[in-house]
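Okay, structure first, notes after.
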Amino acid sequence: MNDEACELCRYGAALAAQGLARAGSGNISVRLADGRILISPSGEGLGSLRPDAVSVLDPDGRHLDGPAPSKEAPLHLAIYVSRPLAGAVVHLHTPYATAWSMVAGHDPSDCLPALTPYSIMRLGRVALLPFAVPGSSVLGDWVRAHATHHSAFLLANHGPVVSAKTLKDAVFAAEELEETARLALLLKALPHRALGAADIDAIEATFGDRYR
Ligand SMILES: [Zn+2]
């Protein structure tokens, strides 16, 4: 468990160093081989996590050890319950992804445009969920209802939640979502070429869910 706790702290620090977890925002978790979950604690910035001070939850989300878990733990639990292969979850309040969540007219089952192959590899189709108060149980319910078919979500007016088999891939997915939202905003008012259905099919056929 200590290796995983150290990894959690290392990636938390990396996200914070990039400016992706400002104002104490964001929470990350990993699922251990025995089903327990390590998650960043409530009220602790991702840049200052300590391996001896992460929260430990049982597979049903009950607090086993360490400080109190992030109040957004239900989001993480909802993904672990619905995606048996998910090994890590990253939730951030990053500016471009959050801005994109507020743009009108999205398809809620596919809210991010297909601009680069990397976003398709790492995110698949990103689902947009309506606004709900952070930490409220309904957010977990919505994620649970859709997580079988989606590994990445945008919470409206709030931020992204992504999962992958490993913490490294979940962190890369969160970074990819932020970068793709930035591209989408840059291109919003410009004529541009997005990837077409045949491009997406070819990427999916080559990479499948290798990274998510
Ligand atoms: Zn949040």
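Between the amide H of K71 and those of G43, distances stay under 5 Å, these residues lying 5 or more places away or on another chain, with hydrogens modeled in the peptide plane. Residue ranges 11-23, 91-103 sort as 91-103, 11-23 when ordered by packing (mean number of other C-beta atoms within 10 Å per residue, highest first). Partner lysines whose Cα lies under 27 Å from the Cα of K71, excluding those fewer than 8 positions away in the same chain, are identified as K165, K168.
Which of L38, L123, L187 moves most in a GNM of the chain, Cα contacts under 10 Å? Answer for the Gaussian network model of the chain: L187. Heavy-atom accessible area for K188, with the other protein chains in place and a 1.4 Å probe, reaches approximately 120 Å². Of the beta bridges in the chain, as assigned by DSSP with both residues counted there, near 90 percent are antiparallel. In degrees, nearest 10, range 0 to 90: what is the angle between the Cα axis of helix 197-207 and the longest Cα principal axis of the chain? Once rounded, one gets 40 degrees. Output the 0 to 90 degree angle, nearest 10, between the alpha-carbon long axis of helix 73-82 and the longest principal axis computed from the alpha carbons of the chain. Approximately 70 degrees, to the nearest 10. Suppose we look only past 31 Å in the calculated P(r) of the chain. What percent of the Cα-Cα pairs does that tail hold? Of all Cα-Cα pairs in the chain, 14 percent lie more than 31 Å apart. Mind telling me which of S119, S109, S151 comes out most flexible in a GNM of the chain, alpha-carbon contacts under 10 Å? Result for the chain, Cα springs under 10 Å: S109 fluctuates most. Springs between Cα atoms under 10 Å define the GNM used for the chain, and in it the highest mean-square fluctuation of D60, D34, D169 occurs at D34.
The values are calculated or read from the model by the stated rules, or taken from the named source; none is laboratory data. All values derive from a computational prediction rather than experimental measurement. Neighbour counts are summed over all protein chains in view; Cβ atoms, including those assigned to glycine, are modelled from backbone coordinates with ideal geometry. Areas reflect the complete protein model, heavy atoms only, side chains present, ligands, DNA and RNA absent. Shrake-Rupley method; radii C 1.70, N 1.55, O 1.52, S 1.80 Å.
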